[in-house]
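Take a look at the structure below.
The values are calculated or read from the model by the stated rules, or taken from the named source; none is laboratory data. The structure presented is a predicted model; accordingly, all values stated were derived computationally and were not measured. These area figures cover heavy atoms from the full protein model, side chains too; ligands, DNA and RNA do not enter into them. Shrake-Rupley method; radii C 1.70, N 1.55, O 1.52, S 1.80 Å.
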Amino acid sequence: MKEIVRKVITIHVNGKTYDIPVGTGRYEMPESETLSHTLRDRLGLTGLKIGCDQGACGCCTVIMDGKAVTSCMTLTMDCDGKTITTIEGLADRATGELDGLQQAFLDNCGYQCGFCTPGIIMTAKAFLEEHENPTEEEVREALAGNYCRCGTHYTAVESVMAYVQKRKEERQ
Ligand code: FES
Ligand code: FES
């Protein structure tokens, strides 16, 4: 009799490890499932939003192994062993204190709607991990893939720049 080999994908999300069985059964994940649906529908992490579902709006952005990725364009099958941070994972896990960048958005009224804001913050967060002291122009360029459809741009950039300045002062 042919042995059935079960596939399991392991992902590490916001400090927790999830083993997700792959298959066509009721509780299994189809191979075609995107990371955005896995995070939202299976893990209940609904902070990321699915806007265009085709890689154009940035609403679904998460950080995977240090890089910002559009989760709607990423198959969960390709994430085996990866470390993922969603907007829910930015705050300090022990104290619940917001990440400095989140706080900067609050302090500078950088929040836009619930659809685009999480993606903007995650894109900015990944960018700032690699850019110590970016210019406003560079921040605008980094956020170019995160479209607001309402034309209310862009106090988000001011918030990111305020955080860059604060971080610089704290590190001096
Ligand atoms: S929903 Fe993923 S880029 Fe728009
Ligand atoms: S899409 Fe969020 S404020 Fe426009």
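Using a 1.4 angstrom probe on heavy atoms only, work out the carbon and sulfur share of the accessible area of segment 7-89 in %.
So the carbon and sulfur contribution to the accessible surface is 49 percent.
With a threshold of 21 Å on the Cα-Cα distance, the over-threshold entries among K49/K125; K16/K168; K82/K166; K49/K168 are K16/K168; K82/K166; K49/K168.
For segment 159-166, backbone phi angles converted through the Karplus equation (6.51, -1.76, 1.60; θ = phi - 60°) give residue-by-residue couplings of 5, 5, 5, 5, 5, 4, 5, 5 Hz, Gly and Pro being listed as x. Overall shape of segment 44-172 was characterised from the C-alpha gyration tensor. The equivalent ellipsoid obtained from it has semi-axes of 22, 18, 14 Å, in decreasing order.
Whenever you get a sec, compute what percent of the accessible area on segment 100-171 sits on carbon and sulfur atoms (1.4 Å probe).
Numbers: 1910 of 3810 Å².
Its accessible area is 50 percent carbon and sulfur atoms.
Beyond 23 Å, the tail of the calculated P(r) for segment 7-89 holds 12 percent of the Cα pairs. Per-residue surface analysis assigns H12 an accessible area of about 60 Å², computed on protein heavy atoms at 1.4 Å probe radius. Note that segment 103-153 presents 54 Å² accessible area per residue, ligands and nucleic acids not counted, probe 1.4 Å.
As a test of reading the structure, rank M161, M122 by solvent-accessible area (1.4 Å probe, protein chains only), most first.
Details: M161 45, M122 0 Å².
I get M161, M122, largest accessible area first.
Within the full protein context, the accessible area of E132 is estimated at about 100 Å² for a probe radius of 1.4 Å. When DSSP beta bridges are restricted to pairs lying wholly in the chain, around 80% turn out antiparallel.
A 1.4 Å probe run over the protein chains yields, for segment 7-89, 47 Å² of accessible area per residue, whole-number rounding.
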